[in-house]
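Let me begin by presenting the structure, written as structure tokens, before commenting on it.
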Amino acid sequence: MSATSIVKFEVRFVSSDIPRDDRIGQLSNWCVRFNESGLTPKLEGTDRSLGNLSFRLKPHSPAFVITASALSSKEKPVAGDFVKVVESDSTQKIVFAEGTRDPSSESMMHYEIYKRREDVGAVFHGHDQEIITHASLLGLPETQKEEPSGSVELLSEVMKILDDEDFLVMKNHGFLSLGKTMDEAGNLALRIKKAIKPRPVVAPIPPGT
Ligand SMILES: [Zn+2]
């Protein structure tokens, strides 16, 4: 774990191999689309994008490929910017990974989602403020309690409402968009973002009218 790391678990590297998979290009394209559409905005004062995107490697196994922690939004991510997570132990707070960078700070959560939901092939997490604000107006399921990012507490809040939902909001934090494929997860988030229409500002009625 590097000194600048924000991950709240220990990373144990089982190999320093950069993940190889034909679908990594697709994941990289989705990182760019999420950055461009504001779904993964920059952390204030940095070029780090706030969010993490992953896909499941094969059916019936929770192993996945995810964006590295503290990913820059300046350039299109390359293979070395992705990490393979082979196993996660949320009780001991240890994530077993393959790659050269720390896996995203929300890796434990991605792992538990893949474990719980066999139907899910991609988990995309972003921080869009408009979606967070409009969660109840849009009828989106939302976690009850705000918990720190990357924590086991946040993961258990999400698990309480995961059921068969494909889109949910983490209170005052961000959203999770799930799909059988990356295109499903990505397009679902874009559709929800589009559904939020700017509201006209209504001027207060002056007294006596
Ligand atoms: Zn987040």
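The values are calculated or read from the model by the stated rules, or taken from the named source; none is laboratory data. Because the structure is a prediction, the values reported are computed rather than measured. Here the Cβ positions follow ideal geometry from the backbone for every residue, glycine too, while neighbour counts run over all protein chains shown.
Some values worked out for this structure:
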quantity: Leading residue by the ranking (farthest from the ligand (Cβ to nearest atom)) among those in the range 164-187 that are within 10 Å of Phe124 (Cα to Cα) and of a type in the set (Gly, Ala, Ser); calculated: Gly179
quantity: Output for the range 152-171, where each listed residue is touching a residue at least 24 places away in the same chain (Cβ under 8 Å) and either among the β-branched types (Val, Ile, Thr) or assigned to a helix (DSSP H, G or I) (or both); calculated: Val152, Leu154, Leu155, Val158, Met159, Leu162, Val169
quantity: Filter result (without any contact (Cβ under 8 Å) to a residue 40 or more places away in the chain and either away from the ligand (no atom under 13 Å from the Cβ) or touching a Pro at 6+ places or on another chain (Cβ under 6 Å) (or both)) within the range 138-151; calculated: Gly139, Pro141, Glu142, Gln144, Lys145
quantity: Tabulated pairs, the range 22-35, first touching a residue at least 60 places away in the same chain (Cβ under 8 Å) and closer than 16 Å to Gly51 by Cα, second surrounded by 18 or more Cβ atoms within 10 Å (Cβ to Cβ) and among the hydroxyl-bearing types (Ser, Thr, Tyr), C-beta under 8 angstrom, 6+ apart or interchain; calculated: Leu27/Ser54; Leu27/Thr67; Phe34/Thr40; Phe34/Ser49
quantity: Subset of the range 17-61 [part of a loop (DSSP other than H, G, I, E, B), under 16 Å from Leu178 (Cα atoms), under 16 Å from the mean Cα position of the chain (by Cα) and not β-branched (Val, Ile, Thr)]; calculated: Leu39
quantity: Checklist (1) of a type outside the set (A, V, I, L, M); (2) out of contact with any strand residue (DSSP E or B) (no Cβ under 8 Å at 6 or more places or on another chain); (3) modelled with pLDDT of 95 or more; (4) in a helix (DSSP H, G or I) applied to Tyr114, failing item; calculated: (2)
quantity: Residue match in the range 139-151 (condition: surrounded by fewer than 17 Cβ atoms within 10 Å (Cβ to Cβ) and part of a helix (DSSP H, G or I)); calculated: no
